[in-house]
Amino acid sequence: MKHLILVVDDEESQRLMLKKILKREGYEVETAASADEALRIFEEKPVDLMITDIRMPRMSGRELLRRAKEIDPDVPIILITAYAELKDAVEMVTHEGAFYYFEKPIDVSKMLEEVRRALKLREIERGEERREEEIPRFEGIVGESPKMLKLYREMAKIILRGPDTILITGESGTGKELVARAIHRYGRRKGGEFVAVNISAIPPTLLESELFGHERGAFTDAKTRKIGLFEEADGGTIFLDEIAEIDTNLQAKLLRVIEEREFQRVGGVKPIKVDLCIIAATNKNLEREVREGRFREDLYYRLNVIRLHIPPLRERKEDIPLLVEYFLERFAEQYNAEPKRITPRALSLLRRYDWPGNVRQLENVIHRAFIMSESDVIDVDDLPEEIKTGGEVSPFMIEIPEEGISLEEVEKQLILAALQKAKGNQVEAARLLGISRRRLQYRMEKYGISRWDFR
């Protein structure tokens, strides 16, 4: 089914031009000469995306945005603005839920790129992914387990809605910065800087100056004015890793930035406004930190509005073969070397290990094995002792009888056993099998298995 795009502009030439461009791309297009007419169409038809001018008679694009969001809070709305309304457009994207804005004259190729992005994310928001391969993927983030597919969907929703403050939780080594970078790269602030800050790596005495900058003469060594990291990230994203380590004296200043997007340099008196996304991350239990008085409760609640949790590697071991393959390919490219492969025995050991250091530890193990292995095959002897002593491994997990075996029958029996154990619950059965629900449903259809047989 074609996506329906509603174009709203009081200038007929602009409406017709946009309609022609969008129809040429295969979209269904409705046009409206006023905001009132647009709202009537919006209420009567399933609009997937709206493109509207800001300045129109009687009802402005800003009021149209507000009223359209009351009808459908998730509909993406792209704004068209003249230079004089640029400040309003930025405000509407940053704080009022618009998806993106374009200045006149419109960059058509850029507009079509944003239209495609908005519609893709709209499909995800509605849960209309028909096939597993349509679930979004993000560069550098590897995994096809149910927990990772859930993470991808949550990331896509966050990118679509464009919140200003996000909290990412997860153990050390799970990839919190990778997720933060992906949100920035695909989000509306992708044109700005991504500034990563490791709170624990900066001495507490220097942290305030690093984050907020300082004026000349603010302290003994302040010979010149310094621009802080928040100012560097203006228009983009700042990533505050290990946020639980921030000094309690600085937490009040950070709270003000989150609430008002405003701060003062050390030694300064003039408030500095910034427009940026703040992504904080921690491997600690912030609720416990609040209870024990080490983290401000009001700051916690401000950070914890939109939360993403990254699962540890031990909870998604089915992703280990994909991760190993990804790292081997990356190291081959990095060292301009022939690709290496890993034996089933070595891979089995990797899957049995619990990985307290998560993906980062796995990456380091594969990196070492790639460099130290003298052949193009990585085997058990190439792995560190802690991996090898994590449990004995047999060459193969099952025995095949002399007369042979039907692989499809084995697969069918495993699916039946999982559904029986899960009492017909497909989500739980998919988890037991280490596959996605859609993959399970495909195989159930293939083997003529009905979930109702297990109720």
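The values are calculated or read from the model by the stated rules, or taken from the named source; none is laboratory data. Here the structure is a predicted model, which is why all the values come from computation and not from measurement. Every residue, glycine as well, gets a Cβ built from its backbone with ideal geometry; the counts of neighbours run over all protein chains shown.
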Item to complete: Tally the residues that are surrounded by 19 or more Cβ atoms within 10 Å (Cβ to Cβ) and assigned to a helix (DSSP H, G or I), restricting the search to the range 190-200.
Response: 1
Worksheet item: Got a number for residues in the range 351-369 being assigned to a helix (DSSP H, G or I) and over 27 Å from the mean Cα position of the chain (by Cα)?
Response: 3
Practice prompt. Report, ordered by the first and then the second residue, all pairs with beta carbons closer than 6 Å, sequence separation of six or more or different chains, a first member in the range 407-420 that is assigned by TED's automatic domain parsing to the domain that holds residue 431 and within 16 Å of residue 439 (Cα to Cα), and a second member that is of a type in the set (Gly, Ala, Ser) and modelled with pLDDT of 85 or more.
Written response: 418/429; 419/429
Item to complete: Identify the residue in the range 419-430 that is crowded, with 16+ Cβ neighbours inside 10 Å and in contact with a helix residue (DSSP H, G or I) (Cβ under 6 Å, 6 or more places away or on another chain) and, among all such residues, is nearest to residue 146 (Cα to Cα).
Response: 430
Practice prompt. Mind listing just one residue for me: the one in the range 201-221 that is assigned to a helix (DSSP H, G or I) and exposed (fewer than 13 other Cβ atoms within 10 Å of the Cβ) and, of those, farthest from the chain's Cα centre (by Cα)?
Written response: 205
Worksheet, complete the sentence: Picked from the range 31-81 (must be touching a Gly at 6+ places or on another chain (Cβ under 8 Å) and of a type in the set (Lys, Arg)), the residue farthest from residue 17 (Cα to Cα) is 69
Item to complete: Select the strands (runs of 3 or more DSSP E) contained entirely in the range 222-341, then report the ones holding at least 3 residues which are touching a residue at least 60 places away in the same chain (Cβ under 8 Å).
Response: 277-282, 307-309
Item to complete: Could you give me the residue pairs with C-beta distances under 7 Å whose first residue belongs to the range 52-72 and is under 19 Å from residue 29 (Cβ atoms), whose second residue is hydroxyl-bearing (Ser, Thr, Tyr) wherever it lies, and which are 6+ apart or on separate chains?
Response: 56/34; 61/52; 64/52
Discussion item. Step by step: first the residues of the range 132-190, then only those that are among the hydroxyl-bearing types (Ser, Thr, Tyr) and out of contact with any Pro (no Cβ under 7 Å at 6 or more places or on another chain), then the one that is farthest from residue 303 (Cα to Cα). Which residue is that?
Written reply: 145
Worksheet item: All but one of (1) over 20 Å from residue 317 (Cβ atoms); (2) modelled with pLDDT of 85 or more hold for residue 363; which doesn't?
Response: (1)
Worksheet item: So which residues in the range 145-163 are among the hydrophobic types (A, V, I, L, M, F, W, C) and closer than 23 Å to residue 96 by Cα?
Response: 155, 156, 158, 159, 160
Practice prompt. Return the total of residues in the range 189-204 being within 13 Å of residue 245 (Cα to Cα) and either β-branched (Val, Ile, Thr) or in contact with a Cys (Cβ under 8 Å, 6 or more places away or on another chain) (or both).
Written response: 3
Discussion item. Residue 110 - would you say it is modelled with pLDDT of 85 or more, surrounded by fewer than 16 Cβ atoms within 10 Å (Cβ to Cβ) and within 21 Å of residue 158 (Cα to Cα)?
Written reply: no
Worksheet item: Which one of these is more than 25 Å from residue 320 (Cα to Cα), modelled with pLDDT of 85 or more and crowded, with 16+ Cβ neighbours inside 10 Å: 440, 433, 416, 383?
Response: 416
